[in-house]
Protein chains: 4
Amino acid sequence: MAEIEIGQSKRATRSYSFDDLAIVPTRRTRDSEDVNIDWSIDAFKFELPVIAAPMDSAMSPAQAIAIGKLGGLGVLDLEGLWTRYEDPAQQYEEIIASDEHSANEVLQRIYSEPIKPELINQRLSEIRDAGVTVAGSLSPHRTAEFHETVLNAGVDIFVIRGTTVSAEHVSENSESLNLKKFIYELDVPVIVGGAATYQAAMHLMRTGAAGVLVGFGGGAASSTRQILGIHAPMASAVADIAAARRDYMDESGGRYVHVIADGGLGTSGDIVKAIACGADAVMLGSALAKASDAPGAGYHWGQEAVNPSLPRGHRVHVGENGSLEQVLTGPANDAFGTSNLMGALRRAMATTGYTDLKEFQKVDVVISPYRAQ
Amino acid sequence: MAEIEIGQSKRATRSYSFDDLAIVPTRRTRDSEDVNIDWSIDAFKFELPVIAAPMDSAMSPAQAIAIGKLGGLGVLDLEGLWTRYEDPAQQYEEIIASDEHSANEVLQRIYSEPIKPELINQRLSEIRDAGVTVAGSLSPHRTAEFHETVLNAGVDIFVIRGTTVSAEHVSENSESLNLKKFIYELDVPVIVGGAATYQAAMHLMRTGAAGVLVGFGGGAASSTRQILGIHAPMASAVADIAAARRDYMDESGGRYVHVIADGGLGTSGDIVKAIACGADAVMLGSALAKASDAPGAGYHWGQEAVNPSLPRGHRVHVGENGSLEQVLTGPANDAFGTSNLMGALRRAMATTGYTDLKEFQKVDVVISPYRAQ
Amino acid sequence: MAEIEIGQSKRATRSYSFDDLAIVPTRRTRDSEDVNIDWSIDAFKFELPVIAAPMDSAMSPAQAIAIGKLGGLGVLDLEGLWTRYEDPAQQYEEIIASDEHSANEVLQRIYSEPIKPELINQRLSEIRDAGVTVAGSLSPHRTAEFHETVLNAGVDIFVIRGTTVSAEHVSENSESLNLKKFIYELDVPVIVGGAATYQAAMHLMRTGAAGVLVGFGGGAASSTRQILGIHAPMASAVADIAAARRDYMDESGGRYVHVIADGGLGTSGDIVKAIACGADAVMLGSALAKASDAPGAGYHWGQEAVNPSLPRGHRVHVGENGSLEQVLTGPANDAFGTSNLMGALRRAMATTGYTDLKEFQKVDVVISPYRAQ
Amino acid sequence: MAEIEIGQSKRATRSYSFDDLAIVPTRRTRDSEDVNIDWSIDAFKFELPVIAAPMDSAMSPAQAIAIGKLGGLGVLDLEGLWTRYEDPAQQYEEIIASDEHSANEVLQRIYSEPIKPELINQRLSEIRDAGVTVAGSLSPHRTAEFHETVLNAGVDIFVIRGTTVSAEHVSENSESLNLKKFIYELDVPVIVGGAATYQAAMHLMRTGAAGVLVGFGGGAASSTRQILGIHAPMASAVADIAAARRDYMDESGGRYVHVIADGGLGTSGDIVKAIACGADAVMLGSALAKASDAPGAGYHWGQEAVNPSLPRGHRVHVGENGSLEQVLTGPANDAFGTSNLMGALRRAMATTGYTDLKEFQKVDVVISPYRAQ
């Protein structure tokens, strides 16, 4: 990869976001109906390559069930409102009603309530009872504390998700989670991330993870770039980590670790480009928070917004956009790229002549920075 | 063409839009009056290198006649309002009166009315009776169903237009249109597209088409980039397909297939640049929808906006801009690049020292991204 | 110069505007007071390297005198209001009072009044009587008709200015001005342009011109880019034409043709960069139209805005900014880069360690596209 | 460094600003608590790598003391309000109350009051009495006049700060400050700048300076780019000058001159990137003017705004943002990157796996131009 000189003592590579790219049709076309967007990870098979991000604005137990029934995978945040409060209805209302200037403070206060292990158990049971795949997430630094509760409650897929998760976290004051050992001992597949580079993802793949989340808190509600100066332009990050998947598959003698784009997927076009750059599936936050049946009622926020000393995200108004079903599988009756996300994916694949996701990772792309008109 | 690495597993080329370019005068100047912008395709000769896009906002039978009399070619959408409704006046009114949020739903409903073969016949006869060149368009998936009606009604030029038209459409459930066989059997010249790449256009040229439309629904009313992630930056697409024209002419022993830029031509400057990049003629949608006598009354929408499950365009307000005549041949009395489009083309050619369109395809251009002031 | 492939049949070079550049201090600093910005062309010496553009919004006979007394050169448009109307006060008022939508129509009407040779004589005499250098301008296609009037009236410097002026204009219907012959026969120095490229400027230099205007109607009031697709990014144009000056000086055995940046010089920073790219002097339009004593009273328009069939510019509101003296030599009491233009030039030269204009053409620049904050 | 051709007679390098860059995590992560951001210059040790810019909007004697107690270094402007007025409260009020259009004029008038040597003495004593490190700044052209007063009053660190400070200032009319001789004779460490290039900084390092300020008046309140055309894109400037530090250390046999980024550091992300590009510490102006206890009461202006004939900056409204303590060390209760600046730096370092500032200068960066959403 060509390096560019920033100045005489510093070099950098050029990194691309989805907005810098477009897909181009270069060959025969297909019917949308002939396109297959099934996706499997470990023993679990999904009709849609969509994982709902564990964010309280988008996911409740009910909504996790709904997405499971629609063919995707819902992931409940096991450190969120639903495991801190018996009935979080009032907390949702308070967050939604807060004005723009005080939203972070309200979030900081509400999320200071301790997590209740019994609620972890109760929420996961509720999802399991509905007959869909059960998945819950913890952040790395809570995983040691709560993972047994989670495993006892029973999950099909375990998600460890933070802004950056490294295979080796070093701490001088506390014992760090040994991811490799932890994943080895678990008997459920683990999806872990975010990772933003080939190297970081390669290390995560070597821990035995079934899937790696690509991203660094770059979603609609995040301000990590302004606050930390850290940003993972998604197109390059996905394409780099897809290369790590290939190389790790070689190194491991055939283990295929799924690459899941997480963050910055605001429109169906972004989802299409994530797959085009090499993702196997996508994790959606704000896109699902826009569902009229999402618990956030048109508002969206992430875990990074609740940090008590350094919040790195906002509560943002994303509006409502039809039911979860319309958002995922249509029909759409507007043209903003926020409804019938999967219909758009099928259509983009058909138009460019592809009928399955793995092949579509090879579609031609061009660099053409997007400008709002 | 130099490839750029997006990430370790993905490469792309840089693609340019008209806004990225400017034309530069490098030699002697000419008088505008000495410039010839005649254009011929097959046996048909036109004073202006302009085809009106088959879009209901811009074209009615009356407007198709008007543009023919002004020296261009009007193309009626044979799947639009004029072949679904005996008198579409009320439908136009409803579309125009709808508010922004419900416009797509209104379009979806109005365009769900079936197409009437007898109206195809009636509309084309009306145009023929006026003594101008008759052209109508169908989308690829309607062509099998209605082309006989169209041919029986009589057209001089047949247009097959979709967002992407490939020479080989593959379907598992229905028999696809065999474009090559179809065009071979027709006895009228066929213009077909959109195509966005050298390869796609080359295949279309090999079907026997007289002209290829370059584009991918990238016009003013389109949101395919947001929805499908697909975009064909027009300057690069035209320049690539002009190369296909040259190579196909060699391969075919001299058949010259016309390259027609279709989409994203919002100003006369864009038209100038389309020719400069290698187009033989341009297909105009929103530019003509701005005529005060256009049926859309200041509004513009395309076929992609009416899709029942995945609309990929909006009804947009484009305003009114003087009569069709003023739009095409002036005089202009403002300076927005939306009136006297052909006067501007003549002037640009004269200023850079060219007197015919084919020569003007060689004019010097520079890359200089446009910024709104 | 490296060529970039737009598409397989078209190549282009990357061209830069002043906004893409910044100057960087790399060496010793100087006092502003030690900086010399004198400029001479032919036998005429000026304290300031500033020519006022022949535009009615900025120049009247009185204002041409004022700029002469301040040390610059005023050029009166000899095809403008002052040679069409005995007293254009009412016309100015009408232009200024017209609303935005009808301004072009008002201009078209007012400028359709014929030019009066006796007024050419009268205006130039008025300037001469004030004791300053006398300069007037004609467009190329009026030069044949009026140049004798102008020469009889007496000018020190003759300016032939159009959006593009080529050394060889070809016309099928009328006899074109033979610039070389014309300039040879004149006994006053001629400044001619715009030219946008090395080649075009080289040809103009070979006509015997004393100075070449670099530009293509790219000023604040112009919309040639939207209308004609033509644009001359000024930094590259000036740097290319400065190379033509050097090469022509060699070819001609020592004739130094002045390079004058004309257009797109909105701030003192732009003036600084024009010199830095190789200009000997600058021609200012909107910058001087902002003077509170300019005849345009806060409005600005160019000759291209009055074209009867294809206006290529607008009347724009530029506001008022202190007297012409404050605009040129200060003091400034705001910080928008529109007052004390020459003080800013001195300061920029001092800060980067230069004390005369010719040396300052070598100052280091970096590419760093400007973004509004 | 690769040069790009602007035009045939001018070349330039591409220069980068912080907004063009992002940091990427590529390795193990750490705890924020394990991160050490101590910084030492000469014999002085600071808990935070932060110097407050000598700007009246951010610094008063009281605020200089406050920042000292918080672990940073406050620098009082010894040519500002506090040394011109016995009690500048009324002047602050007038500046703050002035309307946008007259703010520069008000500043010009207020800062025309002479500097009182006895007030220099008094202000510095006040800071010294509080037990914090004492630092004051003069501009180069006042240094000769007032430096003895300053030294007699007693400073621990002396700052010479101008938009551009060169090692060799040449003047025809007055004797220039011989920086090398001056610094040699002083017995306190001197921090000097701005410098924008390797060469300029290398010369300053050779004067014996302890630290070099990198920048060219590019802060929030500055308009030098519009007015002078001069701009120092900070990422490239810091990386170039960090190379000068390395080369000078070699040349001098081990003298380490501190590189201090000064200007354009609006968010904590910018501070992170300044260190990542090679800075040892940062000088903050507008960031500290946002403190609710800053004397500017939500307004910010710099020395360049008060210039009597060519002001090159504005008084800008920056708002209030919590106490100085919250701004520097938190806690933050919003997510704009303007509070808990040091917490953000720690977090960015921890996330990318670094525990000290010097090592963090090696962190990986990518080029990814920022776009506002």
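The values are calculated or read from the model by the stated rules, or taken from the named source; none is laboratory data. Predicted model, so just to flag it, every value in this text is computed and none were measured. Glycine also receives a Cβ, built like all others from the backbone with ideal geometry; neighbour counts cover every protein chain displayed.
Quick check, is C:Leu345 of a type in the set (A, V, I, L, M) and in a helix (DSSP H, G or I)? Yes; evaluated as a whole, the condition is true for this residue. Kindly establish whether C:Ala243 is surrounded by fewer than 23 Cβ atoms within 10 Å (Cβ to Cβ), on the phi > 0 side of the Ramachandran plot and of a type in the set (A, V, I, L, M). So C:Ala243 does not fit the description; no.
Which is aliphatic (A, V, I, L, M), surrounded by fewer than 21 Cβ atoms within 10 Å (Cβ to Cβ) and under 27 Å from C:Ile191 (Cα atoms), of C:Ala97, C:Ala89, C:Ala135, C:Ala144?
Details: C:Ala97 fails: under 27 Å from C:Ile191 (Cα atoms); C:Ala89 fails: under 27 Å from C:Ile191 (Cα atoms); C:Ala135 fails: surrounded by fewer than 21 Cβ atoms within 10 Å (Cβ to Cβ).
When all the criteria are applied, what remains is C:Ala144.
Go through the residues of region A:11-26 one by one and say whether even a single one is surrounded by 22 or more Cβ atoms within 10 Å (Cβ to Cβ), touching a Leu at 6+ places or on another chain (Cβ under 9 Å) and without any contact (Cβ under 8 Å) to a residue 40 or more places away in the chain. Taking every residue of region A:11-26 in turn, at least one turns out to be surrounded by 22 or more Cβ atoms within 10 Å (Cβ to Cβ), touching a Leu at 6+ places or on another chain (Cβ under 9 Å) and without any contact (Cβ under 8 Å) to a residue 40 or more places away in the chain. With respect to the stated conditions, C:Gly68 fails to be in contact with a Gly (Cβ under 7 Å, 6 or more places away or on another chain), crowded, with 24+ Cβ neighbours inside 10 Å and under 22 Å from C:Val188 (Cα atoms). Within region B:88-108, track down each residue that is without any contact (Cβ under 8 Å) to a residue 12 or more places away in the chain and assigned to a helix (DSSP H, G or I). B:Ala89, B:Gln90, B:Glu93, B:Ala97, B:Glu105 - these are the residues of region B:88-108 that are without any contact (Cβ under 8 Å) to a residue 12 or more places away in the chain and assigned to a helix (DSSP H, G or I). Of all residues in region C:305-340, those satisfying the criterion of being out of contact with any strand residue (DSSP E or B) (no Cβ under 6 Å at 6 or more places or on another chain), in contact (Cβ under 8 Å) with a residue 24 or more places away in the chain and away from chain D (no Cβ under 14 Å) are C:Val306, C:Asn307, C:Pro308, C:Leu310, C:Pro311, C:Arg312, C:His314, C:Ser323, C:Leu324. Under the condition of being more than 16 Å from the chain's Cα centre (by Cα), not in a loop (DSSP other than H, G, I, E, B) and not charged (D, E, K, R), the residues counted in region A:69-87 number 4.
For region D:134-157, filtered to residues that are part of a strand (DSSP E or B) and touching a helix residue (DSSP H, G or I) at 6+ places or on another chain (Cβ under 7 Å), the residue that is nearest to D:Ile65 (Cα to Cα) is D:Gly136.
Flag not set for B:Asp38, criterion: under 14 Å from B:Gly136 (Cα atoms) and among the acidic types (Asp, Glu).
Screening B:Ile160 with (1) assigned to a strand (DSSP E or B); (2) among the β-branched types (Val, Ile, Thr); (3) out of contact with any Leu (no Cβ under 7 Å at 6 or more places or on another chain) gives one miss only, at (3). Within region A:42-67, being of a type in the set (Val, Ile, Thr) and under 15 Å from the mean Cα position of the chain (by Cα) holds for A:Val50, A:Ile51, A:Ile67. For region A:100-129, a tally of residues being surrounded by fewer than 15 Cβ atoms within 10 Å (Cβ to Cβ), closer than 15 Å to A:Gly313 by Cα and in contact with a helix residue (DSSP H, G or I) (Cβ under 9 Å, 6 or more places away or on another chain) returns 0.
Tallying residues that are over 17 Å from the mean Cα position of the chain (by Cα) and under 29 Å from D:Gln91 (Cα atoms) within region D:244-295 yields 3.
Restricting D:Ser60, D:Ser32 to those that are polar (S, T, N, Q) and at pLDDT below 95 reduces the list to D:Ser32. Screening C:Ala220 against (1) closer than 23 Å to D:Gly229 by Cβ; (2) surrounded by 24 or more Cβ atoms within 10 Å (Cβ to Cβ) leaves a single unmet condition, (2). Quick check on region C:365-373. Is at least one of its residues more than 8 Å from chain D (Cβ to nearest Cβ) and within 28 Å of D:Glu168 (Cα to Cα)? For region C:365-373, residues more than 8 Å from chain D (Cβ to nearest Cβ) and within 28 Å of D:Glu168 (Cα to Cα): absent. Would you pick out the residues in region A:167-196 that are at the interface with another protein chain (Cβ under 7 Å from one of its Cβ atoms), surrounded by fewer than 24 Cβ atoms within 10 Å (Cβ to Cβ) and in a loop (DSSP other than H, G, I, E, B)? Scanning region A:167-196 gives A:Glu168, A:Ser171, A:Glu172, A:Asn173.
Residues in region C:347-373 that are among the basic types (Lys, Arg) and either surrounded by fewer than 23 Cβ atoms within 10 Å (Cβ to Cβ) or in contact with a Phe, Trp or Tyr (Cβ under 9 Å, 6 or more places away or on another chain) (or both) were compared, and the one that is nearest to D:Gly7 (Cα to Cα) is C:Lys362. Could you go through region A:205-217 and let me know if any residue there is crowded, with 24+ Cβ neighbours inside 10 Å, among the hydrophobic types (A, V, I, L, M, F, W, C) and within 23 Å of A:Arg315 (Cβ to Cβ). There is at least one residue in region A:205-217 that is crowded, with 24+ Cβ neighbours inside 10 Å, among the hydrophobic types (A, V, I, L, M, F, W, C) and within 23 Å of A:Arg315 (Cβ to Cβ).
Whether any residue in region B:109-117 is closer than 30 Å to A:Thr352 by Cβ, part of a loop (DSSP other than H, G, I, E, B), in contact with a Phe, Trp or Tyr (Cβ under 8 Å, 6 or more places away or on another chain) and of a type in the set (S, T, N, Q) is what I want to check. Within region B:109-117 (the criterion being closer than 30 Å to A:Thr352 by Cβ, part of a loop (DSSP other than H, G, I, E, B), in contact with a Phe, Trp or Tyr (Cβ under 8 Å, 6 or more places away or on another chain) and of a type in the set (S, T, N, Q)), the answer is no, since none of the residues qualifies. Scanning region C:179-196 for residues being farther than 14 Å from C:Asp262 by Cβ and in contact with a strand residue (DSSP E or B) (Cβ under 9 Å, 6 or more places away or on another chain) gives a total of 7. Only one of the numbered conditions (1) crowded, with 22+ Cβ neighbours inside 10 Å; (2) farther than 28 Å from D:Val24 by Cβ; (3) touching a strand residue (DSSP E or B) at 6+ places or on another chain (Cβ under 6 Å) is not met by A:Asn36, and that is (1). In this structure, does D:Glu94 turn out to be facing another protein chain (nearest Cβ under 7 Å), acidic (Asp, Glu) and either in contact with a helix residue (DSSP H, G or I) (Cβ under 7 Å, 6 or more places away or on another chain) or more than 30 Å from C:Lys273 (Cβ to Cβ) (or both)? In short, no. If you go through region D:305-326 and pick out every residue that is of a type outside the set (S, T, N, Q), assigned to a loop (DSSP other than H, G, I, E, B) and in contact with a Lys or Arg (Cβ under 7 Å, 6 or more places away or on another chain), you end up with 4.
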